[in-house]
Amino acid sequence: MTQLKASPASACSFLAIAPSFHHASITTGHLLRHQFSKAKPLSLKELGLKTSVGANKLQAARIDTEVVSETTKGGGLRGKLNKVVLAYSGGLDTSVIVPWLRENYGCEVVCFTADVGQGIKELDGLEAKAKASGACQLVVKDLKEEFVREYIFPCLRAGAVYERKYLLGTSMARPVIAKAMVDVAKEVGADAVSHGCTGKGNDQVRFELTFFALNPKLNVVAPWREWDITGREDAIEYAKKHNIPVPVTKKSIYSRDRNLWHLSHEGDILEDPANEPKKDMYMMSVDAEDAPDEAEYVEIEIESGLPVSVNGKRLSPATLLTELNEIGGRHGIGRIDMVENRLVGMKSRGVYETPGGTILFAAARELEFLTLDRETIQVKDSLALKYAELVYAGRWFDPLRESMDAFMQKITETTTGSVTLKLYKGSVTVTSRKSPFSLYRQDISSFESGQIYDQADAAGFIRLYGLPMRVRAMLEQGI
C-alpha cells in the first residue's frame, strides 16, 4: 500500500495489519497507518490508490459523507453512539451500512475486515471502498492461522458435522471474526459493534453470542433488523442512490461466504431446491466429469487427532489446508448440496465446496478406526452431534463446548499415524492407514487359529450375550 500523508486536520486513520493486500502472505502485527482529513477530502491521485471505482463515484460519495457528517455531530435519527466497529467485507450489505450507521446513530464507523482466507481479490481495494462509504478507519487482521488452528482443527478432531453433511465452514469462521471485533473495539475505544447479517439467518446469532460472551457491555447494532431495506435488490438501489460501489448486479445474485475451509453458495436459482446448480457457479472445485482421468494419492500425517503434514511435508495449519484445497479442488472433491435446518427455524438450501476439509475428515475418521475402541467411537460420535449443534448455533464460547473439546482432546491423544487416500473424479477412497497406537492385531484378527483368541470361547459368549432374547422367547412360548 502507498503511505498516505496526514493532513493537519486528520481525526481518523486506516489501519491495516498487513504489508500489502497484493501479496499472498499477510503478516500480522505490521501496522501501516493511512491518515486522511475530514476537513478536505483527498483526491485519488493524493490517495495513491489502485481501485476500479471511478473518480466521479468517489466524489459523489464524499459529498454524501459530508452531508451525513452534519448529523453525526449531535446524534442520529435513532440515538447516539460514539464509535461503532463494523464487520466489513466491502460487499453490498456492509457498504450501505456505513452511511446508515452515521446517519442513524451519529457515530464514527471503524470498518473491520478479517482475513480468514477469502482471497486477495476480496481484500483488494477495501481502503477506497471504506472511505467512499464514509468510514473513518479500516482495520484488517490476518486471522488465517488462528482460524485453522483454534477453530477448524478442534472441530475436525471432534468429528463435528451438522445434519450429516455440513462441515461448518461459516459457523467456525464467525466466532474468530467476532472475537477479533471485540478486541478491536477495545483498541479503538468503541462502545458498539455492528454486522451485516440478515434477520433471517444464523450469522446474526453467531456474532452476537460471541459479543455477549466476551464483552457484554458492548452495544450491538444489526441494521437488517432495523432499517426499511427489505431485500438485496433494495440495498442495490440504495447503494446506487448513494453512489456506493458494489460488486453485484440484479441479474445474478448469489450470497457467498468464502474462507480457507470452504465456499458457500445461496440465493438466486438455489432458492428452489428442485433446481440443479449451474456449472459456472463453482469456484473452488472442478466438476467431477472434468477432473483428471488419472487418480492422485495423498498421504496425511496426523498427531493426536490433528493433521501436521501432507505427502511428507510438515506445514503450518493454514498452509496445509491451502495445499489440500488445491489438490482436492482439481479432482472435484468436497461438493455438498443440502437443505438444512437453520437455527431460526426455517429451512434453507445451500451448496458448499470444501475440498481440503473433505479430505481431512476422511483421513481423521479412518485413523480413529485403528486407535479407538468400539465404546469410545460410539460415545465420541454421539458427542460430535451435540458439538456440531453448538458450533452451528454460535455457542463457541459456551462452557459446554469447551468442556466437550477437552474430552475430544483427551480421547484422541493416541490418534497418531498416517492415512493415504485416493482422489478420483469427486471420490475419496482410503487405501492405507498406519498408527503406532493401532488396536488392530493381525495375529488376533487372522482366520488362522491363535493363542490369544480361542474360537471355542465364542459359544459361551453367545449364550450369555443372547440370554435376554432367549428368556423373552421362552416367556412368549410358555417354556
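The values are calculated or read from the model by the stated rules, or taken from the named source; none is laboratory data. This one's a predicted model, so the numbers in the text were calculated from it and none came from an experiment. With ideal geometry, Cβ positions are generated from the backbone for all residues, glycine too; neighbour counts draw on all protein chains shown. The area values use the complete protein model at the heavy-atom level, side chains included, leaving out ligands, DNA and RNA. Shrake-Rupley method; radii C 1.70, N 1.55, O 1.52, S 1.80 Å.
Evaluate the following for PHE397: is it assigned by the TED database to the domain that holds ARG342 and over 28 Å from ALA173 (Cβ atoms)?
no
Would you point out which residue out of ILE300, ILE236 is open to solvent by less than 30 Å² (accessible area, probe 1.4 Å), closer than 30 Å to ARG102 by Cβ and not in a loop (DSSP other than H, G, I, E, B)?
ILE236
Output the residues belonging to region 252-264 that are over 19 Å from ALA235 (Cα atoms) and not hydrophobic (A, V, I, L, M, F, W, C).
Result: ARG258, ASN259, HIS262, SER264.
Where residues in region 309-326 are surrounded by 18 or more Cβ atoms within 10 Å (Cβ to Cβ) and aliphatic (A, V, I, L, M), which of them is nearest to ALA288 (Cα to Cα)?
Top of the filtered list is LEU324.
What single numbered condition from (1) touching a Ser or Thr at 6+ places or on another chain (Cβ under 8 Å); (2) outside any loop (DSSP other than H, G, I, E, B) fails to hold for TRP261?
(2)
Which of (1) at pLDDT 95 or above; (2) surrounded by 19 or more Cβ atoms within 10 Å (Cβ to Cβ); (3) under 19 Å from the mean Cα position of the chain (by Cα) is the odd one out, the single condition ASP183 does not satisfy?
So ASP183 meets the others, but not (2).
Can you list the helices (runs of 4 or more DSSP H) found entirely within region 386-479 that contain at least 2 residues being touching a residue at least 12 places away in the same chain (Cβ under 8 Å)?
Here the list reads 399-411.
So THR230 clears everything in (1) more than 30 Å from GLY426 (Cα to Cα); (2) in a helix (DSSP H, G or I) except one condition, right? Which one?
Condition not satisfied by THR230: (2).
Which residue, of LEU343, LEU306, is open to solvent by less than 60 Å² (accessible area, probe 1.4 Å) and of a type in the set (A, V, I, L, M, F, W, C)?
Only one candidate qualifies: LEU306.
Does region 458-468 contain any residue that is open to solvent by 50 Å² or more (accessible area, probe 1.4 Å) and β-branched (Val, Ile, Thr)?
Yes, region 458-468 contains a residue that is open to solvent by 50 Å² or more (accessible area, probe 1.4 Å) and β-branched (Val, Ile, Thr).
Exactly one condition in (1) touching a helix residue (DSSP H, G or I) at 6+ places or on another chain (Cβ under 9 Å); (2) within 16 Å of VAL161 (Cβ to Cβ); (3) of a type outside the set (A, V, I, L, M) is false for THR376; which is it?
(2)
Could you tell me how many of the residues in region 363-380 are of a type in the set (D, E, K, R) and open to solvent by 80 Å² or more (accessible area, probe 1.4 Å)?
3
Check region 161-169 and report whether any residue there is surrounded by fewer than 21 Cβ atoms within 10 Å (Cβ to Cβ), at pLDDT below 95 and out of contact with any Phe, Trp or Tyr (no Cβ under 8 Å at 6 or more places or on another chain).
No, every residue in region 161-169 fails to be surrounded by fewer than 21 Cβ atoms within 10 Å (Cβ to Cβ), at pLDDT below 95 and out of contact with any Phe, Trp or Tyr (no Cβ under 8 Å at 6 or more places or on another chain).
Being in contact with a Ser or Thr (Cβ under 6 Å, 6 or more places away or on another chain), open to solvent by less than 20 Å² (accessible area, probe 1.4 Å) and under 22 Å from ARG256 (Cβ atoms), is that true of even one residue in region 132-152?
Within region 132-152, one or more residues are in contact with a Ser or Thr (Cβ under 6 Å, 6 or more places away or on another chain), open to solvent by less than 20 Å² (accessible area, probe 1.4 Å) and under 22 Å from ARG256 (Cβ atoms).
Any idea how many residues of region 183-230 are of a type in the set (Ser, Thr, Tyr) and touching a Leu at 6+ places or on another chain (Cβ under 6 Å)?
Residues in region 183-230 being of a type in the set (Ser, Thr, Tyr) and touching a Leu at 6+ places or on another chain (Cβ under 6 Å): 1 in total.
What's the total number of residues in region 382-412 that are closer than 18 Å to VAL205 by Cα and of a type in the set (D, E, K, R)?
Of the residues in that region, 5 qualify.
Does at least one position in region 260-271 carry a residue that is open to solvent by 40 Å² or more (accessible area, probe 1.4 Å), hydroxyl-bearing (Ser, Thr, Tyr) and either touching a residue at least 12 places away in the same chain (Cβ under 8 Å) or under 20 Å from ASN104 (Cα atoms) (or both)?
Looking through region 260-271, none of the residues is open to solvent by 40 Å² or more (accessible area, probe 1.4 Å), hydroxyl-bearing (Ser, Thr, Tyr) and either touching a residue at least 12 places away in the same chain (Cβ under 8 Å) or under 20 Å from ASN104 (Cα atoms) (or both).
Do the conditions hold for GLU375, that is, is it without any contact (Cβ under 8 Å) to a residue 12 or more places away in the chain, assigned to a helix (DSSP H, G or I) and not assigned by the TED database to the domain that holds PHE212?
In short, yes.
Looking at ILE244 and the list (1) open to solvent by 40 Å² or more (accessible area, probe 1.4 Å); (2) in a loop (DSSP other than H, G, I, E, B); (3) modelled with pLDDT under 95, which single condition is not satisfied?
Among (1) open to solvent by 40 Å² or more (accessible area, probe 1.4 Å); (2) in a loop (DSSP other than H, G, I, E, B); (3) modelled with pLDDT under 95, the lone unmet condition for ILE244 is (1).
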